[in-house]
Amino acid sequence: MIPAHIYNDEEIFALERERLFSRAWIFVGHESEIPQPGDYVVRRVLDDSFIVVRDESGSVKAMFNMCLHRGMQVCRAEMGNASHFRCPYHGWSYRNDGRIVGLPFHEEAYGGEAGFNRKGARLLPAPSLDSYNGLIFISMDPDAPPLIDYLGDFAFYLDYYTKQSSSGIELRGPQRWRVKANWKIGAENFAGDMYHTPQTHTSVVEIGLFREPKAEKRKDGNTYWAGNGGGTTYKLPEGTLEERLRYVGYPDEMIDRMKEVWSQDQLNVIGENGFMISAASIFPNMSFVHNWPKVEDGDDVLPFISIRTWQPISENETEVLSWFAVDAAAPEEFKALSYKAYLMCFGSTGMFEQDDVENWVSLTNTAKGNMARRLLLNSRMGVLKDGRFVVEPLGPDAFSGPGVAHVGYGEYNQRHLLERWADYLETEPTALIISSVGMPEGLS
């Protein structure tokens, strides 16, 4: 049972800022966005701006976007290529690895190194930086566990979205827009809400854009939770691995590459068990979607993959960053049609997007009032009164993936996500480490 007001509560958002986003791993970009030395993007974790850059040595860095002098933003553009970053306020400049190299009137203003020691002074790095399949994450916690440990068994499913060949993926975007809704709603929805698709997205089926959200299709799929994430699947028609991948629109040359890079268990989820991954979320605020709508006249469908983050602005507003992702080795025609499929369904003007946001805004508005503090929302779908499951989890003979999977409707994943959320909010905040730079020895 979920207190309704958690979706629009200023005090809870303050706790999320202090105890959750201060220590969880947060996605900030993909290596394909910064392929060359000097390439950078500027991304945020709540109010903190970071320059994510590939330095001259080819290493990926994430640096707090604040000048060491008076705190001005060093980089004002959202993306670009630069060997150096120069603060527009007083002209302090930094290499793209963060080291300070230029300080106007250093001798006259500071007495040289005796007043400001430039050696070792650099833009403040993100406390923790790690990556998986080219996905770049940062954590504000210097003692964060390795990313692979944080992901746990969800890495098994992450490969479906981010490793369809040895070439990895490439991203286009992000599109960026704001919605007047709480960030948790989207993360929960993508994590496991198969129940809403036959109702919310009826119009998408009626116009023939997408055949799969029909109720009989959704209830035959499953929800799975593994490690620090979970998602949904569709049930595929009978057939071989190749036939099932062709059913969702993949050409043979892409299927051949999938067979080279996916493990036998990953192939078995599709080929033997007959499940195709769809939407998913990594705690706390990263989500994925994999669908296959019709993009041209006829019965042919084209699959697309999208990655997004639910960037909190406040307790009742979220900035959505949405990327189109595609296998870097895919044929150019496939990439173009897949991008078209993405734009029709998701992104700022997508048909699925508009359906969802209407619900989420209404939910957030309703959660604000006094009555919402008196109501516990029923999030027990899939559980009987005595705590037993309506449908028992799938055994290894029916589902080859890790974690726990249930066929049919249930709010297992929403509960898992909110349990993790509550654990973070009940944990004391991480102690801050104060950094100072350029101080002469003996001073603090």
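May I ask for the net charge around Glu428, where only other residues with Cβ less than 13 Å from the Cβ of Glu428 are counted and Lys, Arg are +1 while Asp, Glu are -1? Please list the in-between numbers first.
Working: positive: Arg19, Arg23; negative: Glu18, Asp141, Asp423, Glu426.
Counting the neighbours of Glu428, the net charge comes to -2.
Measure off, as a whole percent, the carbon and sulfur share of the 1.4 Å-probe accessible area of the stretch 26-132, all protein chains present.
Numbers: 2470 of 5150 Å².
It is 48 percent, rounded to a whole number.
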Do me a favour and compute the ellipsoid semi-axes for the stretch 335-420 from its Cα gyration tensor, root of five times each eigenvalue, largest one first, whole Å.
-> 29, 27, 9
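How big is the chain by the Kirkwood estimate over distinct Cα pairs, in Å? Kindly include the intermediate steps, with their values, before the conclusion.
Working: mean 1/r = 0.0427 Å⁻¹.
For the chain, inverting the mean 1/r across all distinct Cα pairs yields 23.4 Å.
Which order do the peptides 250-257, 269-276, 426-433 take when ranked by the mean count of other beta-carbon atoms within 10 Å per residue, highest first? Intermediate values should be presented prior to the final figure.
On the way: 250-257: 15.5, 269-276: 21.6, 426-433: 10.0.
Descending packing order for the listed peptides: 269-276, 250-257, 426-433.
With +1 on each Lys and Arg Cβ and -1 on each Asp and Glu Cβ, and nothing else charged, work out how big the dipole of the chain is about its Cα centre, in Debye to the nearest 20.
Values: 43 positive and 62 negative charges, 203 e Å.
Using only the charged Cβ atoms, the result is roughly 980 debye.
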Setting aside same-chain residues fewer than 8 positions from Lys340, which lysines have a Cα under 19 Å from its Cα?
-> Lys294
Normalised per residue, the volume inside the convex hull of the alpha-carbon atoms of the stretch 1-157 in Å³ amounts to 153 Å³
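What's the ranking of 290-302, 20-32 by average number of surrounding C-beta atoms within 10 Å, highest first?
Listed from highest to lowest mean packing, they are 20-32, 290-302.
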Describe numerically, in nm with one decimal, the distance between label points set 7 Å from Cα along Cα→Cβ at Gln354 and at Val390.
-> 3.1 nm
Which of these, Thr309, Thr349, Thr233, has the largest mean-square fluctuation under a Gaussian network model of the chain (Cα springs below 10 Å)?
-> Thr349
Alpha carbon centroid spacing (whole Å) that separates the stretch 1-79 from the stretch 255-283 = 31 Å
Let me have the relative contact order for the stretch 348-444, percent, based on Cα pairs under 8 Å that are six or more residues apart.
-> 18 percent
Which value, in Å² rounded to 10, gives the accessible area of Tyr157 with a 1.4 Å probe and all protein chains present?
-> 0 Å²
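Output needed for the stretch 246-370: three equivalent-ellipsoid semi-axes, defined as square roots of 5 times the C-alpha gyration tensor eigenvalues, in descending order, whole Å.
Working: eigenvalues 196, 62, 35 Å².
So the three semi-axes of the stretch 246-370 are 31, 18, 13 Å.
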The aspartates and glutamates whose Cα lies under 20 Å from the Cα of Lys119, excluding any fewer than 8 residues away in the same chain, are Asp55, Glu56, Asp97, Glu107, Glu108, Glu441
If one puts a single equal scatterer on every Cα of the stretch 260-306 and applies the Debye formula without solvent, what log₁₀ I(q)/I(0) results at q = 0.22, 0.31 Å⁻¹?
-> -0.95, -1.02
With T = 37 °C, eta = 0.692 mPa s and Kirkwood Rh from C-alpha pairs, the Stokes-Einstein D of the stretch 110-176 in µm²/s is about 214 µm²/s
Within the set Gly229, Gly192, Gly239, GNM on the chain using Cα springs under 10 Å gives the largest fluctuation to Gly239
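The values are calculated or read from the model by the stated rules, or taken from the named source; none is laboratory data. Computed from a predicted model, the values in this text were never measured in an experiment. Cβ coordinates were reconstructed from backbone atoms using ideal geometry, including for glycine residues, and neighbour counts include every protein chain displayed. The protein model used for the area step is the full one, side chains on, heavy atoms only, and it has no ligands, DNA or RNA in it. Shrake-Rupley method; radii C 1.70, N 1.55, O 1.52, S 1.80 Å.
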